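One structure below.
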Amino acid sequence: MSDFYKFLSLILFGITIVFSQVKLDVSTIPKRVDIYLDGVNLGRSPISNERIKPGLHKFEIKKKGFAPLTYDLLVNPAQAIKLDFFLNPIYKIKFKTEEKGLVFELNGEHRWDVSFIRLDLEAGDHFLRVFKIGEIIDEQTIRVDEPKRFNYYLKKPLTSR
Amino acid sequence: MNQEPTYLVLNHFDKDIPEAEKLLVQNFNDSKFEFNTSLENIFSDLDSHDNPASSHMAKIKELGKQYKVNFILLNKIEHKEDRFILDGLLFNTRSGGLIHRRKINLKQYLDGQLNELIMWVGNTLNRQEDEWQKNRETILFMDPEGITYDKTPMGAAIRSLIAPGWGQAYSNKKVSSGVWAGVEASLSLALILSYLNYDKSAKSFLNNTKMYHTTDDEKLVSQYRSSAEKDWNDHIIYSRLAIALASATGTGWVSNSIHAWVFGPRPYTNIYQEWETSPKSKKG
């Protein structure tokens, strides 16, 4: 009889464990992205019917050609949680100028003074600052929306005015 | 009796998003929504509870009775730098429990937040429309491997290989197109003329040689001999010229194709200095 109670306790414990977990679905754009939950690879997206314990978790989403994403999530008890991650592509960018003596700075991080440079940039807006003889001469936001070349000029040609 | 589910929608947006409520009503006109902004702070401490669903169960049930709704939909939108985070929670007012939660974490997608809100609400109602998916795709940045262009450098190179200058014209470079087409046409014409002259000289040489052997007249012999010698020299000159021109034409043809590829159509953006004067004068 005591074996029966032990067995019943185990079953109840198992049921409690299973039902205290939250159903997890993860979708990403693009698809077939590696999903890591607390350092463990869950597989490739889309992921459905995965179980997750309530608490703080760290998601890492990685795919070649896209900016990796790390996301801390506090999972509260619920029937289900669905996560949507959109990864931002990284585009190959060329930046060229024929102007002399300019120093460029992108997003306050990367600086260069050569006339031609290749960059791998995350899609979206980037902040460009231009220096000449130590002084800022220009600031503007450039939008990276496809792999392309940027040509920087100090003056617009007369025909395009 | 209305069988459609009814919702109390609580929007907690850290920035004003005009049109949000209007768009929800427009897109889900078969569902009944109640909006209430006075309840803004009721669920602000949600994540601080160990079990947010049970901690608010009584309140959810009470709101359900008060507003006569089946569900409470809580949409929290936060903007962190260039990230947009939508946290959607769906509560059942009968049980008071949290039945569905969806988090969307997007970078530089601020134009798409209304569409995502609609998609999330549609998800809770088991409704997804192609238009919303298309809207999402038009706003998202494209996968670099999925980007296709109408005109490519390879397209220009192939065209120039078929007809010199065509690739440059395809790339809208009319001057270089004309130059390549003109140079290659001139070289080809010169090659053809050289070959025709070579052929003419060779035939004339054979003819004069034959005539030279068939006559005994000293005057004619001398004439045929000098003509044959001239034809021989001409045939050598035109032969060498034809070979040189054929090489130049072939090299030029390939170079023209390479040129079309190198200077082929590639996306670019010209950016111009925005500050017209010194920073001090710009800042006023």
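Each reported figure results from applying straightforward, stated rules to the coordinates on display, with no laboratory input. All values derive from a computational prediction rather than experimental measurement. Here Cβ is always computed from backbone atoms with ideal geometry, including for glycine, and neighbour counts include all displayed protein chains.
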Of the chymotrypsin sites (Phe, Trp or Tyr not before Pro) in the stretch B:141-175, which ones lie in a loop per DSSP and count no more than 15 other C-beta atoms within 10 Å?
B:Tyr149
In deg cm²/dmol, rounded to 500, what helix-only [θ] at 222 nm does chain A give when every DSSP H run of at least 4 residues adds -39500 (n - 2.57) and the total is split over its residues?
-4000 deg cm²/dmol
Mind checking Rg over Rh on the stretch B:149-284, alpha carbons, Kirkwood formula for Rh?
1.45
I'd like the projected area of the protein assembly as shown, averaged over all directions, using the convex hull of its alpha carbons. Report it in nm² with one decimal.
43.1
How shielded is A:60-67 by partner chains, expressed as the average number of their Cβ atoms within 10 Å of its Cβ atoms?
1
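Once a ≥ b ≥ c are taken as the square roots of the eigenvalues of the Cα gyration tensor of chain A, is the result rounded (a/c under 1.5), prolate (a/b larger than b/c) or oblate (a/b not larger than b/c)? Before the final figure, lay out each step's value.
Values: a/c = 4.55, a/b = 3.80, b/c = 1.20.
It comes out prolate by the Cα gyration axes.
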Average Cα contact separation per residue, the stretch A:68-138, under 8 Å, 6 or more apart, as relative contact order %
30
Run down the lysines and flag those whose C-alpha is under 20 Å from the C-alpha of A:Lys100, throwing out any fewer than 8 positions away in its chain.
A:Lys132, A:Lys155, A:Lys156
What lysines sit close enough to B:Lys32 to cross-link, taking a C-alpha to C-alpha distance under 23 Å and skipping anything fewer than 8 places away on the same chain?
B:Lys22, B:Lys59, B:Lys61, B:Lys65, B:Lys68, B:Lys76
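Quick one: work out the % antiparallel among DSSP beta bridges in the protein assembly as shown, nearest 5.
On the way: 63 of 96 bridges.
Roughly 65 percent of the DSSP beta bridges within the protein assembly as shown come out antiparallel.
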Ranked from highest to lowest mean number of other Cβ atoms within 10 Å per residue, what is the order of the peptides A:107-117, B:8-18?
B:8-18, A:107-117
Going through the stretch A:57-102, which trypsin sites (Lys or Arg not before Pro) have at most 10 other Cβ atoms within 10 Å and a DSSP loop state?
A:Lys64, A:Lys100
Spacing of the two label points (7 Å from each Cα toward its C-beta) at A:Arg44 and B:Asp217, in nm:
9.1
Could you list B:Val183, B:Val121 in order of exposure, starting from the residue whose Cβ has the fewest other Cβ atoms within 10 Å?
B:Val183, B:Val121
Under a point spin-label approximation (7 Å from Cα along Cα-to-Cβ), what is the B:Asn123-A:Phe127 distance to one decimal in nm?
3.2
Nitroxide proxy distance, nm - points 7 Å out along Cα→Cβ at B:Val25 and B:Arg94
2.8
Given B:Ser194, B:Gly182, B:Gly97, which one lies farthest toward the positive end of the charge dipole of the stretch B:91-227, if we put +1 on the Cβ of every Lys and Arg and -1 on the Cβ of every Asp and Glu?
B:Gly97
Hey, which lysines would be in cross-link range of B:Lys210, C-alpha to C-alpha under 21 Å, not counting anything within fewer than 8 residues on its own chain?
B:Lys200, B:Lys219, B:Lys230
